[in-house]
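A quick write-up on the structure given underneath.
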């Protein structure tokens, strides 16, 4: 119907709308943004778009950083969508390629173990794949962490 199979759009659009992230954002907007700020901006003549961009958005950087980190982790770890909808190897994400390698090594190890008494190094490969797959997330986390610290100190009262 939408002709998304074997396109990059199926990898991006499929998991984009996560209900949990929407609930987290709604809850944060309802409970952490003071209504008096919105009311005072409205009394000063600000429109809805201005209120959102200049008042609400700066106050919500911690939750936006959290949702961004959740979304990045989900996209980074998603191999299931590629397994279902993608057949072109050039569109395979890294996690699906690692899944294929692990599956082929497991099958090869079972065949070798049935024929000979050799033990294939499956655990070593799993640990190496873990290091490869977690590396970029570990490098990205410090850039997002500053928004968490900024958000904690944003509502603090100077003593």
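Fewest to most neighbouring Cβ within 10 Å: what's the order for 56, 137?
137, 56
Does a label point 7 Å from the Cα of residue 101, set along Cα-to-beta-carbon, have any residues of the stretch 132-148 with amide nitrogen under 15 Å, and which are they?
Backbone N within reach: 132-136.
Take the Cα coordinates of the stretch 8-154, assign each an equal point scatterer, and use the Debye formula without solvent to give log10 I(q)/I(0) at q = 0.13, 0.19, 0.20 Å⁻¹.
-0.79, -1.16, -1.21
Can you sort 69, 20 by how many other beta carbons sit within 10 Å, fewest first?
Fewest-to-most Cβ neighbours within 10 Å comes out as 20, 69.
By count of other Cβ within 10 Å, fewest leading, how are 112, 107 ordered?
Final ranking by Cβ density, sparse to dense: 107, 112.
May I ask you to compute the full-extension gain from residue 140 to residue 85, defined as 0.36 nm times their residue separation minus their alpha-carbon distance, rounded to one decimal in nm?
Difference between extended and current length: 17.0 nm.
Mind checking which of 84, 25, 64 has the largest fluctuation in a GNM of the chain, springs on alpha carbons under 10 Å?
84
Residue 3 to residue 20: extension gain in nm, 0.36 nm per residue of separation minus the Cα-Cα distance?
Between residue 3 and residue 20, full extension yields 3.4 nm more.
Bear in mind these aren't lab numbers, they're just calculated from the coordinates by the rules spelled out. This structure is a prediction, so every number in the text was calculated from the model and none was measured. Counting neighbours? That spans all protein chains shown, and the Cβs are built from the backbone with ideal geometry, glycine included.
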